[in-house]
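Heads up: the structure comes next, in structure tokens.
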Amino acid sequence: MTTDSKFLRTFEGEVFASPPIWFMRQAGRYLPEYRKLRAEAGSFLDLCFNPALASEVTLQPVRRFDLDAAILFADILLIPHALGQKLSFVENEGPRLEPVVTLKDLDAFRERDVLETLSPVFETVSKTRAGLGSDKALIGFAGAPWTVATYMLAGGPMKDPGVLRQKLYEEPALINGLIEILADKTIDYLLAQIDAGADAVQLFDTWASGLPWPVLDRVSIRPLDRIAKAVKKARPHVPVILFPKGVGEKALDYTLLQGCDGFGIDYAMDPTWARANLGERVVVQGGLDPLLTITGGKPMEDAASTYLKLFHDVPYVFNLGHGFTPQTPPEHVAALVEFVRSNG
Ligand code: CP3
């Protein structure tokens, strides 16, 4: 396959003097143009399900910073919503899912056709793809089953991870059943995004962090293996990127998975270790602490330079080690892009 997308060519093994760049949470509240459309849309969910506005929001950061990839504007919690759990976003509190999931909900979830409810998302994907040049890639995404399950089981962001960790031991039928359903629905969801025009897909496993190791294997590594394998089998040319946050040297296990083409490193991971142990196996992506983009200036550029130097001789995608927060000044992002392009 030949393409003029620097991002996609990196996944074909090409090394660029300055690597392709995109950012997790590149569309969002730190951008005034996002805040404007968000206010026009009404709620966050209304924005996610409005293809005209969602595709515009997807394109905003690509236009402003000339990034190499767009990431679909949606949320990992659209899957629980499509399964029938009521989702709302409460100002200054975050997402709320009601009621919390119990074992008796699983049969109904299994039967549910999520693709019908999610059809506006696929329209957003095709609209966005049509609005991007062929040098820009469009990344689709989903939450990993465990991370999505934490929100479904806690009814929102988990306040005490210990409560869910205990559930892992005490309610295996609930956890295993829910993870299996989420993995199945996520495969359908990602394939539909690809068919609508997504060039690559990323799986976010934010709450892989802090899991006991045998449990990590059960609820994170194996489900991601199943999803990545199924996506690869059905759409072999589409890169699959895994981003399990906070897994340390367990990263190795993920990069050994057959379907793992790219691996997102978080800000806690030692990039020297990542270069030595992962850099020749998969395309490493990211790493930079997003809080440095609030600071800006030399501390941000010195850190960026560390990643650029370490990964200069292998396929690498420049990105953050987690998403932007609303405090980031857009000028710092512009300066970071300029720095990467001129120092690669
Ligand atoms: O630009 C992009 O990266 C694409 C869109 C995207 C969003 N959320 C938009 C969003 C992506 C990829 C996500 C992933 C996501 N959502 C994750 C995994 C990555 C991570 O950040 O750990 C998680 C855990 C969620 C769940 C979620 N969505 C939370 C906890 C919140 C509230 C926190 C907050 O920042 O307010 C959201 C809301 C959300 N998702 C916003 C955006 C732009 C803010 C909503 C708003 O405009 O009010």
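The values are calculated or read from the model by the stated rules, or taken from the named source; none is laboratory data. Every value quoted in this text rests on a predicted model; they were computed, and no experiment measured them. A quick note on method: Cβ atoms are made from the backbone with ideal geometry, for glycine too, and the neighbour counts reach across all protein chains shown.
Among the residues in the range 57-70, are any in contact with a Phe, Trp or Tyr (Cβ under 7 Å, 6 or more places away or on another chain), of a type outside the set (D, E, K, R), buried (at least 20 other Cβ atoms within 10 Å of the Cβ) and under 18 Å from residue 293 (Cα atoms)? Reasoning before the result, please.
So in the range 57-70, the residues in contact with a Phe, Trp or Tyr (Cβ under 7 Å, 6 or more places away or on another chain) come out as 57-58, 60, 67-69.
Checking which are of a type outside the set (D, E, K, R) leaves us with 57-58, 60, 67, 69.
Remaining after also requiring buried (at least 20 other Cβ atoms within 10 Å of the Cβ): 57-58, 60, 67, 69.
Adding the requirement that they be under 18 Å from residue 293 (Cα atoms) leaves 67.
Yes, because at least one residue in the range 57-70 is in contact with a Phe, Trp or Tyr (Cβ under 7 Å, 6 or more places away or on another chain), of a type outside the set (D, E, K, R), buried (at least 20 other Cβ atoms within 10 Å of the Cβ) and under 18 Å from residue 293 (Cα atoms).
Give the residue that is nearest to the ligand (Cβ to nearest atom), with candidates limited to residues of the range 309-325 that are under 26 Å from residue 30 (Cα atoms) and surrounded by fewer than 20 Cβ atoms within 10 Å (Cβ to Cβ).
The selected residue is 323.
Do the conditions hold for residue 290, that is, is it in contact with a strand residue (DSSP E or B) (Cβ under 8 Å, 6 or more places away or on another chain) and farther than 26 Å from residue 12 by Cβ? Spell out the reasoning first.
Numbers: in contact with a strand residue (DSSP E or B) (Cβ under 8 Å, 6 or more places away or on another chain): yes; farther than 26 Å from residue 12 by Cβ: yes.
When the stated conditions are applied, residue 290 passes them.
Would a scan of the range 69-79 turn up a residue that is more than 9 Å from the ligand (Cβ to nearest atom) and part of a loop (DSSP other than H, G, I, E, B)? It would help to see each step written out before you state the result.
Filtering the range 69-79 down to residues more than 9 Å from the ligand (Cβ to nearest atom) leaves 69, 78-79.
Cutting the leftovers down to part of a loop (DSSP other than H, G, I, E, B) gives us none.
No: zero hits.
Just need a number here: residues in the range 80-127 that are closer than 19 Å to residue 42 by Cβ and outside any loop (DSSP other than H, G, I, E, B).
Qualifying residue count for the region: 14.
Which of the residues spanning the range 90-103 are modelled with pLDDT of 95 or more and within 15 Å of the ligand (Cβ to nearest atom)? Steps first, please.
In the first step, residues of the range 90-103 are kept if they are modelled with pLDDT of 95 or more; the result is 95-103.
The answer is 95, 96, 97.
Could you give me the residue pairs with C-beta distances under 9 Å whose first residue belongs to the range 8-27 and is basic (Lys, Arg) and part of a loop (DSSP other than H, G, I, E, B), whose second residue is near the ligand (Cβ under 9 Å from one of its atoms) and modelled with pLDDT of 95 or more wherever it lies, and which are 6+ apart or on separate chains?
Taking only residues 6 or more apart or on different chains, the pairs are 25/71; 25/322; 25/323; 25/324; 25/325.
For the range 128-172, name all the residues that are more than 15 Å from the ligand (Cβ to nearest atom), closer than 30 Å to residue 19 by Cβ and assigned to a helix (DSSP H, G or I). Spell out the reasoning first.
Taking the range 128-172 and keeping what is more than 15 Å from the ligand (Cβ to nearest atom), we get 129-131, 133-135, 160, 162-163, 165-172.
Among the residues that remain, those that are also closer than 30 Å to residue 19 by Cβ are: 129-131, 133-135.
Scanning the range 128-172 gives 129, 130, 131.
Quick check on the range 47-59. Is at least one of its residues more than 13 Å from the ligand (Cβ to nearest atom) and within 30 Å of residue 281 (Cα to Cα)?
No, the range 47-59 contains no residue that is more than 13 Å from the ligand (Cβ to nearest atom) and within 30 Å of residue 281 (Cα to Cα).
Could you list all residues from the range 1-37 that are among the basic types (Lys, Arg) and either over 21 Å from residue 122 (Cα atoms) or modelled with pLDDT under 95 (or both)?
Of everything in the range 1-37, those that are among the basic types (Lys, Arg) and either over 21 Å from residue 122 (Cα atoms) or modelled with pLDDT under 95 (or both) turn out to be 6, 9, 29, 35, 36.
Would you mind stating whether residue 37 is of a type outside the set (S, T, N, Q), surrounded by 15 or more Cβ atoms within 10 Å (Cβ to Cβ) and either within 9 Å of the ligand (Cβ to nearest atom) or in contact (Cβ under 8 Å) with a residue 24 or more places away in the chain (or both)? Quick ask: steps written out before the conclusion?
On the way: of a type outside the set (S, T, N, Q): yes; surrounded by 15 or more Cβ atoms within 10 Å (Cβ to Cβ): yes; either within 9 Å of the ligand (Cβ to nearest atom) or in contact (Cβ under 8 Å) with a residue 24 or more places away in the chain (or both): no.
In short, no.
Residue 19: within 11 Å of the ligand (Cβ to nearest atom) and more than 22 Å from residue 189 (Cβ to Cβ), yes or no? Write out each step before concluding.
Details: within 11 Å of the ligand (Cβ to nearest atom): no; more than 22 Å from residue 189 (Cβ to Cβ): yes.
For residue 19, the condition - within 11 Å of the ligand (Cβ to nearest atom) and more than 22 Å from residue 189 (Cβ to Cβ) - is not met.
When both residues are 6+ apart or on different chains and their Cβ atoms are under 9 Å apart, which pairs have a first residue that lies in the range 145-174 and is without any contact (Cβ under 8 Å) to a residue 24 or more places away in the chain, and a second that is within 13 Å of the ligand (Cβ to nearest atom)?
160/154; 163/154; 164/149; 164/150; 164/154; 164/158; 164/207
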